Each structure stands twice: as structure tokens, then as C-alpha cells.
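Everything below concerns the one structure shown next.
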Amino acid sequence: MDILQLDLTATADLPDPEALDEPARQLRLAGTAFETAVTETARRWQGLDGLYDAPHKHLVLGAMTTPSRQAGDLAGNTASTAAAIEDFSAALREIRRTRAVLLSDITDAETELANLQKETDGGFAHNDALINHQWHLQNRADSLAGNYEAARQSCAGALAAISRASSDVPVHYSESTLDLQSHDAERLHRQATGPGATRADIRRYYDFLAGMDPARYAEFAAGYPESAAYPPRLGLPAQEQAQFWNSLSAEQQEALAAHLPAVAGNTEGVPYAVRAAANAAVLALVLKPAWRASADQWRAFRSIEAALKPPGSKSENIASLVSFDPGEPPLAAVALGNLDTAANITVNVSGMGSSTQDMEGAVAASRNIYDEQGRISSAERAVVAWIGYDSPEREPSTEVLLSDKARTGGAKLATVLDGIYQTRGADVPRVSVTAHSYGTTTAAYALTQTSRTIDAVVFYGSAGIDPESAASAADLHAEEVYATQGSRDVVAPLGIIGSRFGDPRLSPTEESWGAKVFSADGTMYPGTDLWSNGGHGLRGTEEGANLFETELGAGYLDRDTATLWGIAAASAGEGDKLQLIRQAPTDTRLQETAGFARDVYYAPGRTVDALQTGTAAAVDSVQENIRQAGPGARRGLRFAVDAVQEAVLPDAGPFGHPLDPLVDAAQNRAEYSLSRAGEAFHTAVDASQIIVEELVDSHQKAADEYFKKQWRVLEFVAGRLVAANGGR
């Protein structure tokens, strides 16, 4: 029926527990059998004690002691490995059982919703049930996916924690000598590149490399090829990386670049020409058919290879691979121009949905900045297309609403920016950052962590700045802060609005944030043929683009656009040529829409509140009139009774009528009753007012919750319609 839109892909292809149990059992038995065999051999070897006598007898008789102990360690490792696999298998069985229950519940929910749809013709009851089932069942599916990932990580962690039983077994032989040093280097590399690596792990690896003889680098790489391809992903501060490189002798530096290019190619402080050559060697290594990689990794490798080629047969090849990590996902940075000599360096930061699988697109967009800067300024320049972090996936993923990946990417970008100064030394270039979409969130985190203040940063199509990183432009380590937002870009503002459901972010093009905002509208620059921005993309691809697409040739970094010209001018140090505006039109519309939405949302409640206030005032007025009339009524009653009493019961001479005391007592009781009745009336009215107000407030709150739920239903249904139309 597919009424519900549930994502169960994370647990769709679970491994078969049965396929894991038998290998685990065989592994455990093999380890035990090996230990038994070695231990029995050692026992028999000890039987030589009565048959052999020589000056070095103890060495001969003790020869099997170490193998016996190490066999026990090996058996322990195989048992630990088997236990980790068996635990994973048990977790898989439980996850499969729970998933089967979930699938059954989904079927029941679909049936219930189908019946409700027929009975209510898609009314409120159906919508309420729809949204409740959607949230509840998706939460269960997400929890199940989390359980699977936790089980997988637990198994991987347990396996990674198993250390080699013996350092006596060589990685490889070299000139008949056991290479124990290579084994230690391998162990340290695995720790430095593992998922739980710390900076201390990386320091230990770098320190060990610094102490190796240059000739040993080749032996290490030959016995352990991964060391030549995979650098530590976490990274050390740029200053520490530069100190490591500078501590090496010239022979070590040359040998490291030749045999361990992943290290030389991704270490800050290494000349960029050396890094480019080293990373080119790594790319050639992983492009070999024998290299094991996923389909996504292969696509990324090929796209990076294509991005390094000139765009035309007559074009100068100015592209170089200045960083490259072929891990999962592959990360890279391609420089256009000479980073070792450029007077102006710009780092262009990728945004939501970017990956090295489209490195060609990222480099093509950055090439437009490079070319435009050349038309604006004569200074030697270099532009870096930086996809150096794992960016959030596109919708329907909600990663973009959170700042987690921006924090991680920001720390890496800060190291890259500091690395420029470490590499160039006294020859300080002008350094700028241009950032798009979620890349602006990432760049803001980076520019609060750099040790140096850069010259300029330009945010365009921003998904918002996390106030925890920068509450205003003044919080950034940048001399000048620029921002622009296209009038037709609805994706970026939606990202800022949507962040209210995750990590709320601020718009850098809003006047209050404090950036220098420049226009994305070509008509603001008289005498030019600049196009206005036509959407959120770096490059426009659609003619007659709809609301969420980008018009052909009118992306932020398309040629002849106002945004490309402004971004290039600001990053090249020519910001005084920009047409500055108070704030982006999108921010003005957002503010107006937000005010209108608040008025619409709160209008029913405000109307009810006003009616409550008016009604209460009217009742209070009536009460006051009655309260003021009470003493007059009592005086009138006393006057009338006294007049009747005087006429009917006249005094007898100096004595009053004998019935006067009875009449006076009755009169007093009547006045007292009248007074009590008035008080009771007012008390009843006051109590009624309180009850009515509480009742109205209760219904008002229920109405608020009802309208909120219906709004969520509307959002959900709208999302389904968008998905059904291919995201358009």
C-alpha cells in the first residue's frame, strides 16, 4: 500500500548469522589445536633435559618456552575473535527478530490507515493516525538501525583491539634479517589511522617515522602497502605537523615523499609541489585494478583524476592534488595555481551534498573564481577546491540541520589555513576563504580556531552560522567578512529555518549579524552584463528552473554572474568595488514572513484572550453595579418597613407598640439575608468567571496543539508529494 514513507534501508541487507557462527567456531578450534600442538612439542622438548648437557644447555632447553607462550596468546586472540563474531551474530539474530516484528506492525498500520482513509475520506482522524504511525514506526526503524551500527562497531572495535601475538614473526625479510621495526611501524600506523585514533596515536606514529633510517621507509611500504596510501584522518595542529617535517633530514624527507607519499602529501609545512607529487603517486596507486575499494570510492578516484586534467586541449594544466585521503569517504583538495608562490590564496569550501565523486564539478566552479580573480587583479593567485570533510547528505537526510559535521570539518579546515602560513613562512600571502551552503557553517567554526587571522571570508548561499561558533561577524578570525544570498535561492533560507529543529543557526546576510552584504542581483551593477543569481547551486543546470532548481548559467559560481564577480572581488582584496546592501532580500522576506506567520499562528489565541478580557470586564461592571445597589436596597427596605410599622403599629403614648421588637427583629433578619444573598451572588459570579476562563484556556491550548499537529501533517503530506514528483 505504501501509505507510510519509512526508511528501512539501514537494516535491509543484514548479514546472515548462520554464515558467521561456523567460521567463528572453526577459528576457535584452530587456535586451540595450534596451542595444544605447540604446548605438546614444548613438553616433549623439555624431555631432552636428561639426554643433553652442554655449557649453553639452558638456551637449548628454553628454546620452546617463548613459542609455547605465544601459542597461548594466539589461541587467546582467536578465541577473542570468535567471541566478537559470535556476539555480533547474536545481535544480528535479535535485530532480525525485531525487524520482523516491525515489518508486521507496519503492515497492520498500513491496513488501519487504508480503512481510516475509506471511512473518513482522508479526514483529520486519518491524518492524525498517519503522522503518529509515521513518527512512531520511523523511530523504531532508526533505533533498530542504531542497534545494528552499534553491534557492528562493537565487533569492529573488539577485532581492532586484538594485538599481534608475537613481534618475532616478521612482516618481511630483508637481507636475512627479521624486520621487527616495520612491525612496530605497522602497528603505530593502524592506531593512527583507526576510527578511534587520538592525537597521541598520531604523534607516536610521526615520532617513530622521524627515528627511522631513510632506507627503512621503502621496506616498510613494501611489506605494508596501506602505509603508502592512507594518512591519519584526524591530523595534528599545523605547527606540530610542520615541526615533524622540518625535524627530518633531507634524505628522510626525500625517502618519505617517495615511499610513504600519504604522509608527505598530507602534512602541513611540506612544500605544496612536494605534496602534489606525493598525492599524485597515491592516486596512481589506488587507481590500479588490484586496489580494493568500494564502488563509491572508485567513482571518487576517477572524478579526482579527471579534475586534474585541463578543461581543454589548449588549456594550461594548473591543477594539482594538494591533499588526498582515499579512505571512506575519499577526501581531497585540488589547487589551481601555484600555492608555493601565489600572492593571493583562496580556499573554496564545499557545502551540503558535496563529495569527491563530483570533484570535477567542484574544481570547475573554483576555476571560475580563479579566472574571474585574474580579470579583477594582476596579482599571482591560487584557488583551492576543498572537499576535505564529510559533508551532510542532501534531503531527505536531516544531517544538514545539525552542526556536528561542521565542527569536525571546521577543525580540519582551521589546520589547512594555519598550514598555509606554516608552509610559506616569512613569505606571507593574502589568504581568503569562500564558502557555500553548509560550507559556511563549517568555515565559521574553522575561523574561530585558526591561530592566524585571515584577510577575508565570503559566505554565499549560506545554510546559516551556528551562534556557538560565531554570534556575529566580529567573532571570526578574519579582517573582512562578506556575505551574499541570491533572491531566488530558497534552499539556503530553508536550511536556516530548518535548523530550528536541530542546531539553530543565524543568517550571515541579515543586517544584525554584521557582515558586509553585497548584492547577488546583476541589475545592481550598471554598465555590466552580469546575470542575477538563479538558485542555490554552484552552477545552474536547468532552463526554466523551478523553485528548488538553479537556472542554467545562473549558479553562484557561473561565469558572468553578479555573485561570481562579487565573490572573486572580495576574495582578491577588491571588496571596495562591491555594491553593498543593508541585508539580503531573502532575509527581509523571512522577517516579514516570520512576523506574518506569528500573527496568523497566534491570532486565534489573541482573539480568545481579548474576548475573555472583555467578558470579564463586563461581568465585573455588572457586579459592581449590583454591589453599589445593595446598600440602597437595604435602606429602602428599612424605610418602607418603618413607614408600615408606624402606620399599622402606632406608639401608645410614651411607650412603643408591644409588637415593635418583633417587627424590628424580622427587619434585621431580612436585611442580613439580603446582604448575605448579595455576597453569595458575587461569590458565585466570581467562581463562574474562573471556571469559564479555565475552560476557555484549556480548549485554547487543545486548539493550539491540534493546529500544530495539522501543520505537521501538512508538512508530511507536502514532503510525500515532493518525493513522488522526483524531488521537484
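General remarks:
- Phi angles across the stretch 370-378 convert, under the Karplus curve 6.51 cos²θ - 1.76 cosθ + 1.60 with θ = phi - 60°, into 3J(HN,Hα) values of 4, 5, 5, 4, x, 7, 8, 9, 8 Hz, Gly and Pro given as x.
- Taking amide H as placed 1.01 Å from N in the peptide plane, the amide H of residue 331 sits under 5 Å from that of 325, each at least 5 places away or on another chain.
- On the basis of the beta-carbon distance and an R0 of 35 Å, residue 479 and residue 207 show a calculated FRET efficiency of 0.45.
- Each peptide among 100-107, 570-577 gets the average number of other Cβ atoms lying within 10 Å of its residues, and from highest to lowest they stand as 570-577, 100-107.
- Protection proxy ranking for 346-354, 24-32, 231-239, using the average of other Cβ atoms within 10 Å per residue and placing the highest first: 346-354, 231-239, 24-32.
- Counting DSSP beta bridges with both ends in the stretch 276-427, the antiparallel % (nearest 5): 65 percent
- Paramagnetic reach from residue 541 in the stretch 436-478 [backbone N under 14 Å; point 7 Å along Cα→Cβ]: none
- Of all DSSP beta bridges confined to the stretch 376-522, the antiparallel ones make up roughly 5%.
- Of the peptides 445-451, 312-318, 469-475, the ranking by mean beta-carbon count within 10 Å, highest at the top, reads 445-451, 469-475, 312-318.
- Under 15 Å, Cβ to Cβ, from residue 306 - net charge with Lys/Arg +1 and Asp/Glu -1: +1
- Nitroxide proxy distance, nm - points 7 Å out along Cα→Cβ at residue 250 and residue 73: 4.2 nm
- Gain in span if fully extended, residue 30 to residue 132, counting 0.36 nm per residue against the direct Cα distance: 31.5 nm
- Charge tally around residue 271: other residues with Cβ under 14 Å, Lys/Arg +1 each, Asp/Glu -1 each, net -2.
- Sequence-distant residues sharing a close amide H with residue 480 (under 5 Å, placed H): 456, 457
- Rounded to the nearest Hz, the phi-derived 3J(HN,Hα) couplings of the stretch 148-157 under the Karplus curve 6.51 cos²θ - 1.76 cosθ + 1.60 (θ = phi - 60°) are 5, 5, 5, 5, 5, 5, 4, 5, 4, x, where x marks glycine and proline.
- Taking θ as phi - 60° and the Karplus parameters 6.51, -1.76 and 1.60, the scalar couplings of the stretch 270-275 work out to 6, x, 5, 5, 5, 4 Hz in sequence order, x denoting glycine and proline.
- Averaging Cα coordinates gives a centre for the stretch 286-317 and one for the stretch 66-143; these two points are 39 Å apart.
- For residue 347, the residues 5 or more places off, or on other chains, whose built amide H falls under 5 Å of its own are 384, 432, 433, 434.
- Chain lengthening between residue 22 and residue 198 when straightened (0.36 nm per residue, less Cα-Cα): 59.8 nm
- 15 Å beta-carbon shell around residue 365, net charge (K/R +1, D/E -1): -3
- Size of charge dipole - the stretch 303-394 - debye, nearest 20, with Cβ of Lys, Arg +1 and Asp, Glu -1, no other charges: 340 debye
- Using a Förster distance of 30 Å, the FRET efficiency for residue 380-residue 529 (Cβ separation, nearest 0.05): 0.65
- Using the Cβ-Cβ distance between residue 338 and residue 288 with R0 set to 25 Å, the FRET efficiency works out to roughly 0.30.
No lab work stands behind these numbers, since they all come straight from the coordinates. No experiment lies behind these values; they were computed from the predicted model shown. All Cβ positions, glycine included, derive from the backbone under ideal geometry; neighbour counts span all protein chains shown.
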